[in-house]
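The numbers here are math on the coordinates, done by the rules we state, and not lab data. Predicted, not measured: the structure shown is a model, and the values here were computed from it. Glycine gets a Cβ as well: all are built from the backbone with ideal geometry, and neighbour counts include every protein chain shown.
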Amino acid sequence: MTTITHIPAEPSWWRIFSRNRGSVVGAVVLVVLFALAIVAPMLLRFEAGRIDVGPSMAPPSLVHLMGTDELGRDVFARAAAGLSVSLMVGFGAATISTFLGVVIGGLAGFFGRSIDALLMRLTEIFQVIPRFFLAVLLVAFFGASIFNILIAIAVLSWPEIARLVRGEFLSLRSRQFVDAARVAGAARTSLIFGEILPNALGPVVVNATLMVGQAMLLEAGLSYLGLGDPTKASLGQMLQEAQQIMRSAWWTTAFPGMFIFLAVLSLNLVGDGLTDVLNPRARGR
Amino acid sequence: MSKPLLTATNLVTKLFTDSGTVQAVDGVSLHIGHGEAVALVGESGCGKSMTALSLMRLVRPPGQIVSGSVNFDGADLLSLSEREMRAVRGGRLAMVFQDPMTFLNPLMRVGEQIVEAIMLHQRVGRSEARRTALEALERVGIPAAATVIEYFPHQLSGGMRQRVLIAMAISSKPTLLIADEPTTALDVTIQAQIMRLLAKLRGELSSSMLLITHDLGLVAEYCDRVYVMYAGRIVEEGDVYGIFANPRHPYTRALLSSTLSPDRRIEKLAPIDGQPPNLITPPPGCRFHPRCRERMARCSEEAPPNFDIAPGASARCWLYEEAARVGAP
Amino acid sequence: MPTKSLLIYVGGRLLQAVPILFVIILINFALIHAAPGDPVDILIGGADATPEYIEGLRREFGLDQPLWQQFVTYISKIVQFDLGYSLRYREPVLSLILGRMPATLLLMGTALFFSSLIGILLGVFAARRPYSAGDYTATFVSLAGYSMPVFWLGQIMLVIFALHLAWFPTQGMYSLRAPSQGFGRILDVAHHLVLPAITYSFYHLALIYRLTRIKMQEVLALDFITTARAKGVAEGRVVYRHALRNAILPVVTVIGLNFGFMLAGSVLTETVFAWPGMGRLLYEAVGARDYPVLMGLFTVLSVMVICANVITDVVYALVDPRVVYR
């Protein structure tokens, strides 16, 4: 009903992001968790995997902030170490699969026709096949190492991003500013990198953020089932061990799980906030 | 003169948004007589749709009817309970909307949508209602009504869908039919058909019509009286001949001066210098003054009241202060 | 209801599933041969086997034949529903899995049903009262719900409700001391079902709630809602008869698309609560490196996901007339 007679200056991305209190909280928590993962091994008194640093199954105390497990290992130290593994796998897998998705989606969207049809069939198939079970299979067959887990997760998560990027390519390909650039003699690569990708980037970044959380949950699930890397501490594995002793030692499950939960929650909050910044039409603002 | 069917007095509707309060309808007064066809004319965003929604009490948050009164067939609509209002809406007071594609429920068969309306306002069973719905569809000129009644909206063409909307509105024989830009979303060839249908139905049902439009050609052909609206206010009122032959308000004159010849149908209003005002912070005094060629100093200071110039003709402009004093009491 | 075009549609969807099945079989086959070690070891799994048995396997799968021939053999076995044999359980894989299926279906079915229902009702409720305190709380809780690892939630629920409060049993589907027939049995199973079902439905409920809320808000702002109100339809009917029917379409799709993810959740939940379903079987098979069972589970679960997708498409076609009516 109103007609705008003057257009206000567009707020900076920080302004938009900070309007959503949840996202700011999420970002803060994420930073804290990162700091913890990086700094803890250096600062903490107790080495992560070392047994008998304290009494067995001791409840949280000033000495052992999160208690100890049945082998006398400090839960806090182990959990921090596990957290860094989870974060690494999460971000690593998300990065790789985003890259894969962008390339595949881009190829499909840019070249269209048969290449597009072929790649889209492939994407569809990968979307239907239950991701988790294929990951279980892959890790069980090829061995449980951090590397394998990372690759397994990365290889299974690209369909969403590919779809997104392809959609952007398809819609932008026919838009006028691309034609204008082409007429001006722009080479294909400069078209892709200069014009199309920057526009597609917004939703991709949001999706990638959410994907980190999903990858972390997937990794935790795999190690909970016993498919984690036995040489590295892992939050999922800690929960698996806790299954037997949680009756008398609730802290062995509460705290490691809390770390995963907080990490994924803050990633989801940040992702929500980023949606406001990068994807205004999705929120209808 | 017999008492009008509908009288709106000083209707004020505001929209309370995050960016500010929009004065969408700012003291609108109008009346519609029995059997009359009245036009409410203005450009997009002037508040005419909002006025119609206010009359039907269909204004949703962040909008709200702030003050005023609406007297319809002896009842003050604004003081009715929601339940009583629901009995009026769709029954004696009905509305036809602009875009038949978006204004019909895509998941319900058209017959069912009409039956729903009928069963709300008439004490009949379902089979009786179905028969009435069928009649309504035939009445609006839909061929093979018995088949169409089972169709879903997406299976019909634009013109047919609009006929369905009209059938829905007239199914309970309303005394006042409000048509909000009923032909804007349709092809030119269909527009004439729909307008003729509305005129015919009006005659058959002896009902009044409030036609909201920006198309002056339709006004000239189908209406008895005209209200011209600008920036939330009625700026001129008159009978259709008077408005076209002798427009009084500078805005009306500007609108009409774009016509090429009286015989030629006007499709769009010609643009006038400047922009329609921001209704959150409207211009002080007369809202049209920034764009008015005949403005005086007073126009930016004081908002002119509505001056009666002749019986049934008035203009909200300082130019007519003298005429009002000299003219009719 | 034009049944003919509906059948054609279903037929088309089923046909589309065939290449996916093919890829799944291909993946299984590739894994047998691509994984480190002798394919025979894979086929044996982690159990001990006699040399005669190994010889038999070699012949059965034609392991000395060229690869493409082995693939044909493999496919023909699958088509005859032979998914291999598990030495550890001494049972054909398929019957082993099918034996565990009812328990999983019971858990999933109950959880999905109640969480969908509650999620939709809460979503509608929240859409009608946006920005209220209840809305914010529910939104936050639902966000927490799907950020939580389901097995952690299960453990926490176990610790609180089963171990400390002792309101519910800690594991399994039935107690040994409970009646094994009739109503007593049903009650017993239901008692065991509560904690796993609640744990398991949290994610799904959160998802459905969020989606319904957003979609309802979108739909309630659409034009035909105004028409309904202009006809004099009461607000309750506007919300449930007009708005919800339109908003629920994407929700149906999501329930279907999410099925694969929910299956994964069931694995983890069953492991926490020692619920004797397919998920628990997976856990055991992983621990024992029983590859035939793992591959069989992968195949069966994928087929279930495909079926769920087809069913979802069919339900969608039934609800949205625009799909089938041209």
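Just a few scattered comments:
- Inter-chain neighbour count for C:316-322: the average number of beta-carbon atoms from partner chains within 10 Å of each residue's beta-carbon is 3.
- Mean Cα-pair separation over length for segment C:1-91, i.e. relative contact order, pairs under 8 Å, 6 or more apart, %: 25
- As computed over segment C:168-309, the Cα convex hull volume per residue (Å³): 156
- Dimensions of segment C:137-221 based on its C-alpha atoms, expressed as ranges along the principal axes with the largest first, amount to 56, 28, 17 Å.
- From the Kirkwood radius over Cα pairs of segment A:83-137, Stokes-Einstein at 4 °C and 1.567 mPa s returns a whole-number translational diffusion coefficient of 101 µm²/s.
- Principal-axis analysis of the Cα atoms of chain B puts helix B:110-121 at an angle of about 70° to the longest axis.
- Shielding of A:208-217 by partner chains, average beta-carbon count, 10 Å: 2
- For B:41-50, mean number of other protein chain Cβ atoms within 10 Å: 1
- Under the span-like rule (Cα at least 30 Å along the axis, Kyte-Doolittle mean at least 1.6), DSSP H helices of chain C: C:3-34, C:93-128, C:291-319
- Rg over Rh for segment B:1-137 works out to 1.00, both radii taken from alpha-carbon positions and Rh defined as the Kirkwood radius.
- Equivalent ellipsoid, the protein assembly as shown (semi-axes from 5 times Cα gyration tensor eigenvalues, Å): 66, 32, 28
- Calculated P(r) of segment C:88-148 - Cα pairs past 18 Å, %: 57
- Between 0 and 90°, nearest 10: helix B:126-139 axis offset from chain B longest Cα axis: 60
- Volume per residue for chain B equals 144 cubic angstrom (convex hull of Cα atoms).
- When the alpha-carbon atoms of segment B:115-262 are used, the pair Rg, Dmax equals 17.9, 55 angstrom.
- Per-residue ellipticity at 222 nm, computed for chain B from helices alone with -39500 (n - 2.57) per DSSP H run of at least four residues, works out to -9000 deg cm²/dmol.
- Built amide H within the under 5 Å cut-off of C:L83, gap 5+: C:V93, C:L94
- Debye equation applied to the C-alpha atoms of segment A:41-106, log10 I(q)/I(0) at 0.12, 0.13, 0.19, 0.23 Å⁻¹: -0.43, -0.47, -0.69, -0.87
- For chain C, calculated [θ]222 nm from helices alone, where every DSSP H run of n ≥ 4 adds -39500 (n - 2.57): -24500 deg cm²/dmol
- Sequence ranges A:220-230, A:58-68, ranked by mean other-Cβ count within 10 angstrom, highest first: A:220-230, A:58-68
- Alpha-carbon centroids, segment C:229-301 and segment B:159-190: separation in whole Å: 45
- log10 of Debye I(q)/I(0), alpha-carbon scatterers only, for chain C at 0.14, 0.15 Å⁻¹: -1.18, -1.25
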